[in-house]
Amino acid sequence: MRPIILLALGLTLAFSAGAQERPLVIGFMPYLNVEDLIRKYSPLAGHLSRELGREVEIRVARNYAEHIRLVGEDRIDIAFLGGSPYVVIGEEYGNKPLLVRYEFEGKPTFTSVIFVRTNDQAQRLADLRGRKMAFGNANSTLSSQVPLYMLMEAGVMPEDLARYAHLRNHENVLLGVEFGDFDAGAVAEEVFREKRGDRLRVLARSPEISTHVFVTRADMPERQRASIRRALLDLKRGDGEGERVLGAISDKLTGFVAVEDGDYDLLRTILDRVLPVLQH
Amino acid sequence: MGLGYRKQRTTLVIMILAITTLFLWSAAYFIFLQQREQMMEFHRSRTLRESELIAEFLTEALLRNDYAEARNFLRGWQRNHDYVTALSAHFDNGGTLFSYQRADNASLSAGELEQVRVISYGNRAMTLSLSHETTGIAMALERLSRSLALFAALLILMLGGALWFVLFRWSVKPMEREIGRRTQALREAIGYAHSLLYSMSGHIAIVDDTGHILDTNRSWREFARDNGYQGPDDMVGLCYFHACDDLDRLASKGEPWERAILEVLNGERDEYSMDYPCHSAEEQRWFLMRVVAVTYHGERRAIVNHINITDIKQVQEALARSEEELLAINRVYQALSASNKALSMAEDEQGLLAEVARIIHEDCGFPLVWIGYAQNGDAKALVTRSMAGPKTDFIEGIKLTWKGDDMGQAGPIGDCFRGGEPIIKANCSLAGSDDPWCKRAFEHGITASAAFPVSHGAARIGVIAVYSDAEDAFSSPVVALLKELSENLAFGVLAIRERRAREMAQRELERLSVTDKLTQLYNRLRTDTVLEAEVGRAERYGAKLSVMLFDIDHFKEVNDHFGHQFGDQVLVGLAEEVRHNLRENDVAGRWGGEEFLVIAPHTDLNGAKKLAEKLRQRFEAHDFGGDQRITASFGVAEWRPGDTSGNLIGRADRALYRAKNNGRNRVETDPPDAA
């Protein structure tokens, strides 16, 4: 029951008691469970609150669609978005002003991989024709959209596969292939690297895809947006505050870096290609 | 005695206590085992139930491909149930979804609380394995039961030792008493055996394996003394064999009975028996030696028993003699029945005689059988008709007669025929050597003979003589059978003669019925039959066939002039010419008074005409006496398809008519221009 209560309450950090404005809201889609999200991002919220002199509140949407709607309607001050939602929202509501993007282990991009079991005969993506393929959530950039694009580029349409399924998460994709229910799967390269074991091998690797971003409401004053960007860009591994805040979010997160809309052009191309197929 | 009793009572009390304790322990152990089993049953059913539950959840998750959830569930289950000692889930391709093994394996015994089940989803399968520990009580019970079992084993060991000790103590004294009793019984048995040995009528000696006598019985000693033995009375220590110093040589070169006894002694055979004659000056005696092995105090000995079997032997020999005699009778009887069969089937007399001689020789085994016929007249000779057997040279040199005593030479055969009674010479070897006939027989290896007259009623035909190389071969049953045989032979010979006579009469009758009495040619009836048959043959096979009719010219005038007797003479003469000049297959018959028909098969008209011409010339040249030239006219015709015998004869008749008209003494054919 606790996650649901927290979802309604949010978290208040009353560092600057004197501030009279309403709290600044950081919104997330539920890509992890609520409890985990709050635990991961509370230090960041605390950091921003201190830097901006305002209360900062974490809000987690009930689902992806709600998050997209709230962000699109400028009802979230600072919003976490995956690359794809960013592109989708931009197309539907107009581009939201970018703050920073994530940098993992010094790279502001990540890739996804299509993998098979170590002893599988497949050598190229085209060999997956007539095989069984596992994807992650249909909305997931790295485990569904990008790999489907890779397949299509290699000339394999979904209907060319013997079977394909969208599993609940990356781990299921890995296990589904390892246990033999599927011949190939697609997950984020990072996940694969952490968990693959020696029973799986990479068949193909995607191009670099720009990481997650933080955006602001479209109507936020530019000065405030700059303060927030500054506060985020200042976080560095190695200094006490940065280490604490970044470390809480992810071991691999090395900081937030500058971003521009053009970083997502590749993703736009990909989504143009795959979304009609996925929605179909 | 009092002390012993107290000791026994104490031992008894100890034993009762021990047995009670053992019983109580056993009962307790049994109860513990039962409790433990119930506990185990509870655990087993819980493991089963929970493994079912887990399997159900896993199936549901796997169908959704939600491996992470399945893994989380297993992990959660393992964390929430502290009695789980092992939990694992493996896919059929070797993949491991989850695997847990508790470090301290407190499970009662491996596999006892393990549930393994296979979960199928789609066409895949996963093996789920779940193990539980048992509770502390069950463990304690298990440990207890083990120590109980150990204790019980120790107790049984101790109790067994005590029991063995007590039983040993209790049983020594009775055993000594028993030994004394048995020793006494053994002495009695030995005495009994000795008395038995001494009372036996057989001559018994016991021989050891060195060939020396160990003991003898009374009847042995008496027999030895009666036969001149003068050594030590009981003969103990003497060598039983011819010599005992080299038994090996004896075993290979000794007498058969010595070898046999040695074989009994060294175990190659268990017993041996042999009967042998042992005649003394006064009487003929036979003995049976029976050798039986006996092992006494681990040493092999032989009991040699000689039993007087003279009485049995004599009876046996008499029996054998009568059997032989019976055999001889049987053989003669067999010969009799075989010869009777030959009689009934005989075709000719000489064959019958040879057959009967052969039967008597072969069936009865007599080395010589002779059958001869008597001749009347001055010589009164007996001539050989048949002989069988290897000793024929005995009789071949002898001139046999039945003249009688005027020459003093008549042997048994002659005597037999003259007297009409069998003559038996039973034993030529013992009979006086002054009988010259018997002497000659003995020189030829013949020791007995018998002669039987072959006669039936008034008909006296000859003699059968039978010779034997065995003495007394002709017992009275044998003689009776041979006598019957010779009578039967006479009957058979007469029957054959009778049958021959009748057959000849029959043939003559037959000849007469188809022959013309005067000319001896076929008569009209027979000629007709032959003609019909030949016409039939010509029709069937298309063979050639010709006939000629001829008639004596002016026969009536011949008869009137010279008389009927001359006429008959002419007919006979012509018939003679015809018979001499016809070919083998031609048939001639008297057709009418002075008319003849010749049937010539396989002959065409031309050939028949030539034959007719030849006959005509022969007739013309024949001298009938009385200066009378006799001629005949011939009509010849050849059979044509469709001709009946009547047609054929009719055409020949027409040709004959033409010959008569054209001047007689000529041959005409039908058709006339054929020649």
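The values are calculated or read from the model by the stated rules, or taken from the named source; none is laboratory data. This one's a predicted model, so the numbers in the text were calculated from it and none came from an experiment. FYI the Cβ positions are ideal-geometry reconstructions off the backbone, even for glycines, and counts take in every protein chain you see. What goes into the accessible areas is simple: the full protein's heavy atoms, side chains included, and nothing from ligands, DNA or RNA. Shrake-Rupley method; radii C 1.70, N 1.55, O 1.52, S 1.80 Å.
Data for the structure
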read-out	value
Charge-dipole axis of the protein assembly as shown as Lys and Arg at +1 and Asp and Glu at -1 on Cβ define it, positive-most pick from B:375, A:45, B:444	A:45
Farthest toward positive dipole pole in chain B [+1 Lys/Arg, -1 Asp/Glu at C-beta], among B:400, B:119, B:87	B:87
Spatial separation of Cα centroids for the stretch B:485-515 and the stretch A:202-280, in angstrom	153
Signed unit charges on C-beta, dipole axis of chain B, positive-most listed residue B:624, B:70, B:343	B:70
Net charge dipole size for chain B [Lys, Arg +1 and Asp, Glu -1 on Cβ; Debye, nearest 20]	2680
Spatial separation of Cα centroids for the stretch B:344-368 and the stretch B:589-637, in angstrom	55
Shielding of A:176-182 by partner chains, average beta-carbon count, 10 Å	6
Nitroxide proxy distance, nm - points 7 Å out along Cα→Cβ at residue B:610 and residue B:318	9.4
Surface accessible to a 1.4 Å probe, residue B:666 within the full protein complex, Å²	90
Estimated inter-spin distance, residue B:169 and residue A:63, nm [label 7 Å along Cα→Cβ]	9.7
Cβ-placed point charges (K, R +1; D, E -1), dipole of the stretch B:195-290 about Cα centre in debye, nearest 20	180
Order by protection proxy (mean Cβ within 10 Å, highest first), peptides A:36-45, B:16-25	A:36-45, B:16-25
Residue-averaged [θ]222 nm for chain B, counting only DSSP H segments that reach four residues, each worth -39500 (n - 2.57)	-18500 deg cm²/dmol
For the stretch B:200-308: rounded, prolate or oblate by the Cα gyration tensor [a/c cutoff 1.5]	prolate
Average other protein chain Cβ within 10 Å of Cβ, residues A:160-169	2
Whole-angstrom gap from the stretch A:66-114 to the stretch B:137-199, using each part's C-alpha centre	100
Pair residue A:95, residue B:602: separation of 7 Å Cα→Cβ label points (nm)	14.3
About the Cα centre, charge dipole magnitude for the stretch B:545-601 (Lys/Arg +1, Asp/Glu -1 at Cβ), debye	180
Residue-normalised accessible area of the protein assembly as shown, expressed per residue, 1.4 Å probe, Å²	53
Exercise: per-residue mean of other protein chain Cβ atoms within 10 Å, B:93-101	3
Listed residues A:32, B:87 arranged by accessible area, highest first, probe 1.4 Å	A:32, B:87
Highest-MSF residue in chain A out of A:195, A:236, A:132 [GNM, Cα springs under 10 Å]	A:195
Distance-filtered residues of the stretch B:37-71 - backbone nitrogen under 14 Å, label point 7 angstrom along residue B:82 Cα→Cβ	none
Protein accessible surface hidden between B and A, which excludes ligands and nucleic acids, total in Å², probe 1.4 Å	1100
Chain A, accessible surface, carbon-and-sulfur percent (1.4 angstrom probe)	50
Protection proxy ranking of B:43-49, A:146-152 - average other beta-carbon atoms within 10 Å, highest first	A:146-152, B:43-49
Heavy-atom accessible area, 1.4 Å probe, ligands and nucleic acids excluded: residues of the stretch B:54-92 down by at least 20 Å² from chain alone	B:65, B:66, B:67, B:68, B:71, B:91
With DNA, RNA and ligands ignored, accessible area of residue B:69 (1.4 Å probe; Å², nearest 10)	60
Using a Förster distance of 60 Å, the FRET efficiency for residue B:437-residue B:183 (Cβ separation, nearest 0.05)	0.10
Label zone at residue B:15, where the point sits 7 Å out along the Cα-to-Cβ direction: the stretch B:149-175 residues whose backbone N lies under 13 Å	B:159-171
Fraction of accessible area attributable to carbon and sulfur, the stretch B:321-501 (%, probe 1.4 Å)	50
Listed peptides B:72-84, B:182-194, B:319-331, B:54-66 by packing density, highest first (mean Cβ within 10 Å)	B:54-66, B:72-84, B:319-331, B:182-194
Solvent accessible area, Å² - residue B:609, 1.4 Å probe, full protein context	60
Gyration tensor (alpha-carbon) shape descriptor, the stretch B:500-570, a/c threshold 1.5	oblate
Rounded FRET efficiency, nearest 0.05, which uses the C-beta distance separating residue B:525 from residue B:562 and R0 of 45 Å	0.95
Nearby lysines by direct alpha-carbon distance to residue B:425 (threshold 27 angstrom, same-chain neighbours under 8 apart not counted)	B:380, B:391, B:399, B:403, B:439, B:483
Shape call, the stretch A:112-206: gyration tensor on alpha carbons, a/c limit 1.5	rounded
Helix-only mean residue ellipticity at 222 nm for chain A, each DSSP H run of n ≥ 4 adding -39500 (n - 2.57), per residue, nearest 500	-11500 deg cm²/dmol
